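Participant: I'd like to ask some things about the structure below.
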Amino acid sequence: GVHRQILFATVGWFVGYHLVKRTEYIHAKVDREMFEYIRHHPEDFKAAEKKRIGQLLEDFHPVH
């Protein structure tokens, strides 16, 4: 009946809530480790020189 639907909806919400929290925790942990690595090894992550849009695009050759 209705009480069973309410129970399953509540259980589903509870499980989903905790799965989302665990996923966010894992992603935050990976981000923290990655940024810590970048902070300790700046020579591996040098800032690239800025390019103008003309340097990024290929020359245009119209097709006849």
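The values are calculated or read from the model by the stated rules, or taken from the named source; none is laboratory data. Bear in mind the structure is a predicted one, so any value in this text is a computation, not a measurement. Positions of Cβ are backbone-derived with ideal geometry, glycine not excepted, and every protein chain shown enters the neighbour counts.
Participant: Please go through region 42-56 and pick out each residue that is in a loop (DSSP other than H, G, I, E, B) and either of a type in the set (Lys, Arg) or loosely packed, with under 10 Cβ neighbours inside 10 Å (or both). Walk me through it before giving the result.
Facilitator: Going through region 42-56, the residues in a loop (DSSP other than H, G, I, E, B) turn out to be 45-52.
Once the filter is applied, which keeps residues that are in a loop (DSSP other than H, G, I, E, B) and either of a type in the set (Lys, Arg) or loosely packed, with under 10 Cβ neighbours inside 10 Å (or both), region 42-56 yields 46, 47, 48, 49, 50, 51, 52.
Participant: Just to check your reading of the model, which residue among 39, 32, 22 is assigned to a helix (DSSP H, G or I), basic (Lys, Arg) and at pLDDT below 95?
Facilitator: Working: 32 fails: at pLDDT below 95; 22 fails: at pLDDT below 95.
Just a single option satisfies the conditions, and that option is 39.
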